[in-house]
Amino acid sequence: MSSSTCYHCGDPCERTIIHFDDKDFCCNGCKTVYEIFQSSGLEEYYDIEAAAGATPREIANKFDFLDNSDVVQKLLDFDEDGVQVVQFHIPHMHCSSCIWVLENLNKLHGSIKTSQVDFPKRKVRVTFENEKLNLKELAILLARIGYEPSIALEDYSKAKKKVDRKLIYKLGVAGFSFGNVMLLSFPEYFEVQEFWLDQYKPFFRWLMFAFSLPVVFYASQDYFKAAFKGLRSKLLNIDVPIALGILTLFLRSTADIIFDFGSGFFDSLTGLVFFLLVGRFFQQKTYAHLSFERDYKSYFPIGVTRLRNNTTEENIEIYKIKQGDRLLVRNQEIIPVDSILISGNAQIDYSFVTGESESVPKASGDKLYAGGKQLGGLLEVEALKSVSQSYLTQLWSNSAFSKNKASEFQTLTDAIGKRFTLAVLTIAIAATSFWLWYEPSKALNVFTAVLIIACPCAIALAAPFTLGNLLRIFGRNGFYLKDTNTIERLAKVDTLVFDKTGTLTSNSGNTIVYEGLELTDDEASLLKNTLRASNHPLSRELYGILEDQEIMTLDDFVEKMGKGVQGTFAGHSIKVGSANFVGNRNAHVQETSVHISSDEKYRGRFVFKSKYREGLVSLFKQLVKNFSLVILSGDNDGEREKLGKMFPFQLPMFFNQKPKDKLEFIQNVQRHSNVLMVGDGLNDAGALAQSNVGVAVSEDVNVFSPACDAILDAKKLTFLDRFLQLSKQSINIIKLSFLLSLCYNVIGLYFAVTGQLMPVIAAILMPLSSISIVVFTTVATNYISTKLNTPNT
């Protein structure tokens, strides 16, 4: 086999090498894209980044649904005076060459006016004239150059999301007010004696009051709302003492300037809200190119081909499918509804729906379930149900998909909030009682001073900055979490449940082992050429690993649906397929195998063994020290023995688990444990949603992954134990931050309960405590994250 790599896509040229223009290409598709770029003046594509392209896929009839005007209108962002604007998601976009060519689409077609790339979201926005170029032709043009747009039912049915910038606006208001109030407060701090400052001192104080109004009534309103909701639900969350502190600061400061007692604490008030909002903003890390809320709509096509009067083809929206409709399903297309197979060679891949790794052959009259992918030729099917009533969509009616994990989980900060609030109120009442007895004139001053200085700003910042920084560190290492709440839930996990297919195994192919008599050169040549004519996925995979043979035209080729293929040349024949088809009735049926017979004599079999991810054994050895581990698979139990030998400890394994079985299993385990579910497909979606934390493993984080709490790059699966360990350590950092904050509160409370709290003391202590917490949590999380760079032992 040649070691040459394709000039366009960089893949090895395994089957054939196509030489053109002194360059090697792995297929005619890559060669064609190269020719298109050369003839369109886009040859600079290869100078920016070498081998950045992708092999174009088969696109025949794939975008026919874009002939439907109703579908087109719902996909377009703009359509007027012959100009249309559309935004496509391009999963393959990954480098500067991709950006360059997608922003120069006008060189490929004169009707394209502009194209703008949003790289973080992997999207391109194209403005084009539809007189000579329609939406379907644009999609085909992109697919031809290796940038096939992903157009799913989700894009069609989902309303445009509005970007919520309220937090940014509030942060801006608080920052502006804080800066100005600090500036106006400096003369008060240092008691500067200057004629004009003394003359305008009342004006400056009322100006500070004015700056504080939008901070209290706009920027901090979320804390008041959260505190009110907590009290109404009889819960003392962390927002209660924060809201109490903000309100006390404002009322006390207002009273001070009204009665000319002093300048008040407007600097501490605006600074408090500003630092709190900075913490909230830091916590609000999002990954624009990822979606954690995907369901079957991200997987289904927008339109399908229906046979009208059983003869004429028409493209219709998927929601218009009715019971009894005759539909056409082509190679690599998704079966949109539960249906009956009428005609065609069906080889259905249900791996993304049930977890079964081996494709299933179906005969005329068999039932096909929605979500399966056809691997082969054209099928004609008859719809049994509408989309909303089909098997796959019914999975989403389970209550697990509507639960809000974050709202059901009490964070560490809220748990501290209840105790903190009671402690502050107790100290305030006790100190006030003493001063009412000893010197009543100071009682109110002491009461408000305690509430002001004990406001839990530093406590409220500890979790956002610790978890927010860890969220970013995880993201840089291929572990993308939905929010910081997920980290706290990760820290409490004690049971890990793993799917097998696509999670523990790699999607890059199987390990194929030959068991049997050695084939002669003539038999090997006939086998290779017979497999060349077959479209079965196992045949294609086996074809790819066999040595190159001279291409010859077979005298006869027969493919028996669901059984195998037979090729004949020069009076010799070879059969490839199931054990029964080739005449071996004693084979083990649990293992995925392709059997071979030559001239009706059995020769042997190729056994397809799942290829497990590297480092899996060492990962499980680390995890089993601290967690209970379970394997939960929709596949058959053909791999049970191999898995048992891989791990030097007892590991519970459950096979043939349907999606509903997985969800119910998680529910049962949750009665006594906190569960982390690790899966990859729609068949795991229910279990991912039900678990305390659901992690979707993805070979490419930019393409489909089911609804989950986190997306883990498959190459980083072996880091899972360290991610879990860091989650636990982050909680310890938060607790240490609470102790540090308590030290500041003790110092501040001394001044408060003794009646000595001055604005300048509050102005020093409150920002100092906030800044020190931010520095401590940032340094601590960066330090513990160094473990991600050390190898597993």
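Out of the residues in segment 220-257 that are aliphatic (A, V, I, L, M) and open to solvent by 70 Å² or more (accessible area, probe 1.4 Å), state the one that is modelled with the lowest pLDDT. Break it down into steps so the answer makes sense when it comes.
Taking segment 220-257 as the starting set, the residues that turn out to be aliphatic (A, V, I, L, M) are 226-227, 231, 235-236, 238, 240, 242-244, 246-247, 249, 251, 255, 257.
The next check asks that each one be open to solvent by 70 Å² or more (accessible area, probe 1.4 Å); those that pass are 231, 235, 247, 251.
Working: Leu231: 82, Leu235: 76, Leu247: 89, Leu251: 90.
In this case the residue turns out to be Leu235.
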Can you give me the number of residues within segment 66-115 that are more than 20 Å from Lys132 (Cβ to Cβ), open to solvent by 20 Å² or more (accessible area, probe 1.4 Å) and in a helix (DSSP H, G or I)?
-> 5
Just one of (1) under 23 Å from Gly372 (Cβ atoms); (2) open to solvent by 10 Å² or more (accessible area, probe 1.4 Å) trips up Arg640, so point out which.
-> (1)
Show the residue pairs that are 6+ apart or on different chains and have beta-carbon atoms under 7 Å apart, the first residue being within segment 303-326 and polar (S, T, N, Q), the second being open to solvent by 50 Å² or more (accessible area, probe 1.4 Å).
-> Thr305/Glu313; Asn310/Arg326; Asn315/Asp67; Gln323/Leu384; Gln323/Lys385
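Checking the conditions here, which among Phe581, Phe606, Phe620 is in a helix (DSSP H, G or I), modelled with pLDDT of 85 or more and not assigned by TED's automatic domain parsing to the domain that holds Cys708?
Values: Phe606 fails: in a helix (DSSP H, G or I); Phe620 fails: not assigned by TED's automatic domain parsing to the domain that holds Cys708.
Phe581 is the lone residue from the list that is in a helix (DSSP H, G or I), modelled with pLDDT of 85 or more and not assigned by TED's automatic domain parsing to the domain that holds Cys708.
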Filter result (of a type in the set (Gly, Ala, Ser), within 31 Å of the chain's Cα centre (by Cα), at pLDDT 70 or above and assigned to a helix (DSSP H, G or I)) within segment 383-428 | Ala415
Residue check, Leu183 at pLDDT below 70, surrounded by fewer than 19 Cβ atoms within 10 Å (Cβ to Cβ) and either of a type outside the set (Ser, Thr, Tyr) or not in a loop (DSSP other than H, G, I, E, B) (or both) | no
Filtering segment 84-123 down to residues that are basic (Lys, Arg) and closer than 20 Å to Glu137 by Cα, which residue is modelled with the highest pLDDT?
-> Lys113
The residue from Leu249, Leu236 that alone is in contact with a Gly (Cβ under 9 Å, 6 or more places away or on another chain) and either part of a loop (DSSP other than H, G, I, E, B) or not assigned by TED's automatic domain parsing to the domain that holds Val446 (or both) is Leu236
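Does segment 45-59 contain any residue that is in the same structural domain as Leu135 (by TED's automatic domain parsing) and open to solvent by 70 Å² or more (accessible area, probe 1.4 Å)? Break it down stepwise before answering.
Taking segment 45-59 as the starting set, the residues that turn out to be in the same structural domain as Leu135 (by TED's automatic domain parsing) are none.
Taking every residue of segment 45-59 in turn, none turns out to be in the same structural domain as Leu135 (by TED's automatic domain parsing) and open to solvent by 70 Å² or more (accessible area, probe 1.4 Å).
In segment 252-275, which residues are more than 16 Å from Val215 (Cα to Cα) and either assigned to a helix (DSSP H, G or I) or small (Gly, Ala, Ser) (or both)? Steps first, answer last, please.
Taking segment 252-275 first, the residues more than 16 Å from Val215 (Cα to Cα) are 255-263.
Listed by number, the residues that qualify are Ala255, Asp256, Ile257, Ile258, Gly262, Ser263.
Residues that are open to solvent by 10 Å² or more (accessible area, probe 1.4 Å) and closer than 23 Å to Asp684 by Cβ: which strands (runs of 3 or more DSSP E) entirely in segment 429-525 hold 3 or more of them?
On the way: elements: 479-481, 495-498, 511-516.
Because the criterion is at least 3 residues that are open to solvent by 10 Å² or more (accessible area, probe 1.4 Å) and closer than 23 Å to Asp684 by Cβ, no strands (runs of 3 or more DSSP E) in segment 429-525 meet it.
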Counting only residues that are touching a Lys or Arg at 6+ places or on another chain (Cβ under 9 Å), assigned to a loop (DSSP other than H, G, I, E, B) and modelled with pLDDT of 85 or more, how many does segment 637-671 have?
-> 1
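Can you find, within segment 124-134, the residue that is least open to solvent (accessible area, probe 1.4 Å) among those that are outside any strand (DSSP E or B) and either modelled with pLDDT of 90 or more or not assigned by TED's automatic domain parsing to the domain that holds Glu80 (or both)?
Just the residues of segment 124-134 that are outside any strand (DSSP E or B), to begin with: 130-134.
Next cut, either modelled with pLDDT of 90 or more or not assigned by TED's automatic domain parsing to the domain that holds Glu80 (or both) only: 133-134.
On the way: Leu133: 4, Asn134: 64 Å².
Among those residues, the one meeting the criterion is Leu133.
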Unique residue being at pLDDT 75 or above, open to solvent by less than 80 Å² (accessible area, probe 1.4 Å), on the phi < 0 side of the Ramachandran plot and part of a loop (DSSP other than H, G, I, E, B) when the list is Cys30, Cys9 = Cys9
Taking segment 258-304 and the residues there that are over 22 Å from Ala243 (Cβ atoms) and modelled with pLDDT of 85 or more, the one that is least open to solvent (accessible area, probe 1.4 Å) would be Ile258
Specify the residue that is nearest to Val617 (Cα to Cα); the eligible residues are those in segment 636-684 that are under 26 Å from the mean Cα position of the chain (by Cα) and among the small types (Gly, Ala, Ser).
-> Gly679
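Among the residues of segment 43-78, write down those that are of a type outside the set (A, V, I, L, M, F, W, C), under 28 Å from the mean Cα position of the chain (by Cα) and modelled with pLDDT of 80 or more. Spell out the reasoning first.
Of the residues in segment 43-78, the ones of a type outside the set (A, V, I, L, M, F, W, C) are 43-47, 49, 53, 55-58, 61-62, 64, 67-70, 73-74, 77.
Next cut, under 28 Å from the mean Cα position of the chain (by Cα) only: 49, 53, 55-58, 62, 74, 77.
Answer for segment 43-78, where residues must be of a type outside the set (A, V, I, L, M, F, W, C), under 28 Å from the mean Cα position of the chain (by Cα) and modelled with pLDDT of 80 or more: Lys74, Asp77.
The values are calculated or read from the model by the stated rules, or taken from the named source; none is laboratory data. Please read all numbers here as calculations on a predicted model, not as lab measurements. Every residue, glycine among them, receives a Cβ derived from its backbone with ideal geometry; neighbour counts consider all protein chains shown. Just the protein is used for accessible areas: all its heavy atoms, side chains included, with ligands, DNA and RNA removed. Shrake-Rupley method; radii C 1.70, N 1.55, O 1.52, S 1.80 Å.
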